[in-house]
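Q: Structure in structure tokens, see below.
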Amino acid sequence: MQLGIAGLGWWGQRLVRSVQGISDQVRFVAAAVAEPAKRTGIAAELGLELTSSVESLVRDPRLDGIVIATPHSLHREQVELAAAAGKHVFCEKPLALTADDAQRAIAACAAHGVQLAVGHNRRFAANVASLFDIVRSGELGKLLHIEGHWSNENTTRSDFGAWRASPLESPGAGMTGTGIHALDIMTALFGKADVVRVHHSSHSAPGESVRDALSVLLEFEGGVSGLLATIRPTPRFWRIHVFGLDGSVEARGDTELRVYRRGVPPEVMQLPPTDTLRRELETFAESCLGLADYPVTADHLVNCACALEGIVARMDNEEPRHD
């Protein structure tokens with residue numbers, strides 16, 4: 001499958017590198033960037049032709065699909081543009097910043113008969129897949145509660161894009177770009193979520209990006225409760241933990257899975273590492289050919305967007321604490 005990519009920044013380059021010259025299923029041949037002169041070196045290294053507009057990219061007859069790795073506010077419009085050109089679409093997360101925009105993007109792809117996939121790459125990690133299997137098997141008994149935590153050091157990196165910290169592009173602070181991974185898993189497992197409460201602390205210093213600590217209390221359909229936190233500047237750490245009446249299961253980091261049962265020590269497993277970026281792009285290609293189902297469904301995307309929108313609404317109504 002031949003792909004074009006809109007956006008060739010830090011993350012766009014990671015997506016291309018995950019498959020270029022490695023995968024037998026996917027190859028990138030072109031990229032659209034706002035200022036091609038600034039990307040000629042990396043484009044030559046990756047074997048990409050450059051154009052300055054997404055409009056010309058989607059008209060390229062060589063391309064089977066378009067990967068969108070641009071600022072969040074552009075996603076819906078660019079998904080619609082690619083779909084109208086008959087191109088399959090892989091969009092980085094979040095698909096959209098509002099539920100309405102998410103539904104419009106989904107509807108555009110359905111109307112034009114093209115596949116839509118969204119880059120919630122943690123779904124392809126072996127420990128997360130195993131967590132889904134255990135939760136859905138029923139062995140935890142009645143499901144009671146889910147906790148998520150997603151932190152990284154992105155705001156302390158020299159190449160952290162200023163747009164990622166802007167209120168327009170990241171209205172949910174750290175929840176928009178990274179905490180969204182956990183929010184996706186939580187809503188995929190338990191459906192629609194009511195946002196009960198949000199606590200947001202803003203930490204900044206002269207000359208530095210805003211650094212956020214965000215905590216969210218959720219209630220899901222069926223009465224399952226949830227806690228979710230994300231901290232932008234702290235060293236990378238993430239976990240998802242689902243609690244049931246008869247046991248619990250926790251995915252931690254990239255490979256660890258822990259299963260807790262009554263009367264016995266926790267079972268701690270290290271599962272094989274997965275190149276989640278390569279796997280999500282190859283699964284996208286397989287889904288376009290009808291060979292596989294992409295695991296992030298339209299319902300998952302809408303429920304996740306609704307939860308993100310609810311978090312942002314709560315943040316807008318509560319002043320953050322500044323340290």
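The values are calculated or read from the model by the stated rules, or taken from the named source; none is laboratory data. Quantities reported herein were computed from a predicted structural model and do not represent experimental measurements. Using ideal geometry, Cβ is built from the backbone for each residue, glycine included, and neighbour counts are taken over all protein chains shown. Just the protein is used for accessible areas: all its heavy atoms, side chains included, with ligands, DNA and RNA removed. Shrake-Rupley method; radii C 1.70, N 1.55, O 1.52, S 1.80 Å.
Q: Please give the helix 276-288 orientation as an angle from the longest Cα principal axis of the chain, in degrees from 0 to 90, rounded to the nearest 10.
A: 70 degrees
Q: Okay, moving on. What residues qualify as long-range amide H neighbours of H145, i.e. H under 5 Å apart, gap of 5 or more or another chain, H built at 1.01 Å from N?
A: Correct list: S225, F243.
Q: Given points 7 Å out from each Cα along the Cα-Cβ axis, report the Q25 to S201 separation in nanometres with one decimal.
A: With each label point 7 Å from Cα toward Cβ, the separation is 4.3 nm.
Q: Could you order peptides 62-69, 111-118 by the average number of other Cβ atoms within 10 Å of their residues, highest first?
A: My ranking of the peptides, most packed first, is 62-69, 111-118.
Q: How high is the FRET efficiency from H145 to D100, r the C-beta distance, R0 30 Å, rounded to 0.05?
A: The value I calculate is 0.50.
Q: Enumerate the amide H contacts of E49 below 5 Å, restricted to partners 5 or more residues apart or on another chain; note that Pro and chain-start residues carry no placed amide H.
A: Excluding prolines and chain starts, which carry no amide H, the hits are A30, A31.
Q: I've got another one for you. Quick one: angle between helix 180-190 and the longest Cα principal axis of the chain, in degrees between 0 and 90, rounded to 10, please.
A: Helix 180-190 sits roughly 60 degrees off the main axis of the chain.
Q: Gain in length, D133 to T40, computed as 0.36 nm per residue apart minus the alpha-carbon separation, to one decimal in nm?
A: So the extension gain works out to 29.0 nm.
Q: Pull out a ≥ b ≥ c, the square roots of the eigenvalues of the alpha-carbon gyration tensor of segment 258-318, then state rounded if a/c is under 1.5, prolate if not and a/b is larger than b/c, and oblate in the remaining case. Can you show the working numbers first?
A: Working: a/c = 2.50, a/b = 1.06, b/c = 2.35.
Oblate, because a/c is 1.5 or more while a/b does not exceed b/c.
Q: Mind jotting down the three principal axis lengths of segment 194-292 based on Cα atoms? Whole angstrom, largest first.
A: In descending order, the Cα extents are 49, 43, 29 Å.
Q: Can you work out the Karplus-derived ³J(HN,Hα) for every residue in segment 140-147? Use 6.51 cos²θ - 1.76 cosθ + 1.60 with θ = phi - 60°, whole Hz, and x for glycine or proline.
A: Result, rounded to whole Hz: 7, x, 4, 7, 10, 6, 9, 10.
Q: Angle check, please: helix 126-137 long axis (alpha carbons) against the longest principal axis of the chain (alpha carbons), in degrees 0 to 90, nearest 10.
A: So the helix axis and the longest Cα principal axis differ by about 50 degrees.
Q: Quick one: 3J(HN,Hα) in Hz for segment 9-25, Karplus 6.51/-1.76/1.60 with θ = phi - 60°, rounded, Gly and Pro as x.
A: x, 3, 6, x, 5, 5, 4, 4, 4, 5, 10, 5, x, 10, 7, 8, 9
Q: Starting from the Kirkwood radius over alpha-carbon pairs of the chain, derive D by Stokes-Einstein at 25 °C in a medium of 0.890 mPa s and give it in µm² s⁻¹. Walk me through the numbers before you get to the answer.
A: On the way: Rh = 20.3 Å.
For the chosen part, D equals 121 µm²/s.
Q: Roll a 1.4 angstrom probe over the protein heavy atoms and tell me the percent of accessible area of the chain that is carbon or sulfur.
A: It is 51 percent, rounded to a whole number.
Q: Looking at P273, A305, L291, which one has the Cα that reaches farthest to the positive end of the dipole of segment 240-316 (charges on Cβ: Lys, Arg +1; Asp, Glu -1)?
A: P273
Q: Which distance in nm do the two modelled labels at L168 and L271 give, with both placed 7 Å along the Cα-to-Cβ direction?
A: Distance between label points: 4.0 nm.
Q: Taking only Cα atoms and a 10 Å spring cutoff, compute GNM fluctuations for the chain and point out the largest among G263, G244, G148.
A: Highest fluctuation of the listed residues: G263.
Q: Here's a follow-up. Any idea of the accessible area per residue across segment 216-257, 1.4 Å probe, to the nearest Å²?
A: Averaged over the residues of segment 216-257, the accessible area is 38 Å².
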